[in-house]
């Protein structure tokens, strides 16, 4: 079985749900407290033992490359000012992992974005982490999935059960549960109406996929929203080879919408020793005085 050594992070979306903030700033760079959302995802990759990451970007995303690059002027100024703790934090960002970049020239859907990774991936099995999903877990979500992959040697989808009201927002799986947290996938439906959904088990932004997916993406016609959907290509792949879904352990935040972003900001702030007490006191005052 091939070891997974590469991860792909699609980050080419326009971020229209966060306008006007994302008019000039990539949505992946919006901070949760003081750390860009994309950095949390890359830290998950590092914590899972993967060292090479391809970020799929688009026009107007230069800030992503700048953030993870070395910043000579800033580092020099911090050193001159004796701010060595901040200096170490900034230097750590540019040294944390091997990053590669490619542009998706047109917004043609997630499937098309993943197809941009074909040359980077080659014939290897690879991980995909969506930039809208942050998972807070004691053991990194991707690491949990890699352990499942090592057991079954096939594609693994990260899933959780979602409320009925949210079924139409996600790719939903149908399959048989073969262990406490693992399903054998038979079918997937992209953003179904509740009445048409085969379950409430939703794919939530984490994947380990075999390289045969690229042939299936290439042959996948536009689907929901007129875009090339990764779910449709995975559905086709599942007819050809075994595919599993893993109900990962952890609190998942959909930071692609405003409420999820605010929830992540509040809950991550409350985990910070330097912010927790004062911030919690502030929240209690706000709640007490809010009609």
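Tabulated data
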| item | result |
| --- | --- |
| Residue check, residue 228 assigned to a loop (DSSP other than H, G, I, E, B), in the same structural domain as residue 150 (by TED's automatic domain parsing) and touching a residue at least 60 places away in the same chain (Cβ under 8 Å) | yes |
| Criterion: crowded, with 16+ Cβ neighbours inside 10 Å, within 29 Å of residue 71 (Cα to Cα) and in contact (Cβ under 8 Å) with a residue 60 or more places away in the chain - qualifying residue of 117, 137 | 117 |
| Residue that is farthest from residue 36 (Cα to Cα), among those in the stretch 115-134 that are under 15 Å from the mean Cα position of the chain (by Cα) and either part of a loop (DSSP other than H, G, I, E, B) or at pLDDT 95 or above (or both) | 126 |
| Any hit, the stretch 70-82, residues being touching a residue at least 24 places away in the same chain (Cβ under 8 Å) and under 18 Å from the mean Cα position of the chain (by Cα) | no |
| Within the stretch 162-176, tally of residues that are closer than 20 Å to residue 223 by Cβ, touching a helix residue (DSSP H, G or I) at 6+ places or on another chain (Cβ under 6 Å) and in a helix (DSSP H, G or I) | 1 |
| Single unsatisfied condition, residue 227 versus (1) at pLDDT below 95; (2) surrounded by fewer than 16 Cβ atoms within 10 Å (Cβ to Cβ) | (2) |
| Residue satisfying all of: in the stretch 83-112; more than 19 Å from residue 156 (Cα to Cα) and in contact with a strand residue (DSSP E or B) (Cβ under 9 Å, 6 or more places away or on another chain); surrounded by the most Cβ atoms within 10 Å (Cβ to Cβ) among these | 104 |
| Tally of residues being under 22 Å from residue 251 (Cβ atoms), buried (at least 23 other Cβ atoms within 10 Å of the Cβ) and more than 18 Å from the chain's Cα centre (by Cα) across the stretch 168-188 | 1 |
| Residue identified as assigned by TED's automatic domain parsing to the domain that holds residue 103, touching a strand residue (DSSP E or B) at 6+ places or on another chain (Cβ under 7 Å) and assigned to a loop (DSSP other than H, G, I, E, B) among 41, 50 | 50 |
| Pair list, Cβ under 6 Å, 6 or more apart: the stretch 261-289 residue exposed (fewer than 13 other Cβ atoms within 10 Å of the Cβ), other residue at pLDDT 95 or above | 276/270 |
| Count of residues meeting criterion [surrounded by fewer than 17 Cβ atoms within 10 Å (Cβ to Cβ) and in contact (Cβ under 8 Å) with a residue 40 or more places away in the chain] in the stretch 231-246 | 2 |
| Failed criterion for residue 191 (all others in (1) surrounded by fewer than 20 Cβ atoms within 10 Å (Cβ to Cβ); (2) in contact with a helix residue (DSSP H, G or I) (Cβ under 7 Å, 6 or more places away or on another chain); (3) at pLDDT 90 or above hold) | (3) |
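This table checks each residue for (1) part of a loop (DSSP other than H, G, I, E, B); (2) closer than 15 Å to residue 41 by Cβ; (3) out of contact with any helix residue (DSSP H, G or I) (no Cβ under 6 Å at 6 or more places or on another chain); (4) not assigned by TED's automatic domain parsing to the domain that holds residue 67.
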| site | (1), (2), (3), (4) |
| --- | --- |
| 99 | no, yes, no, no |
| 105 | yes, no, yes, no |
| 111 | no, no, no, no |
| 139 | yes, no, yes, no |
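The values are calculated or read from the model by the stated rules, or taken from the named source; none is laboratory data. The shown structure was predicted, so the numbers you read here are calculated from the model rather than taken from an experiment. As a convention, Cβ positions derive from the backbone with ideal geometry for all residues, glycine included, and neighbour counts pool all protein chains shown.
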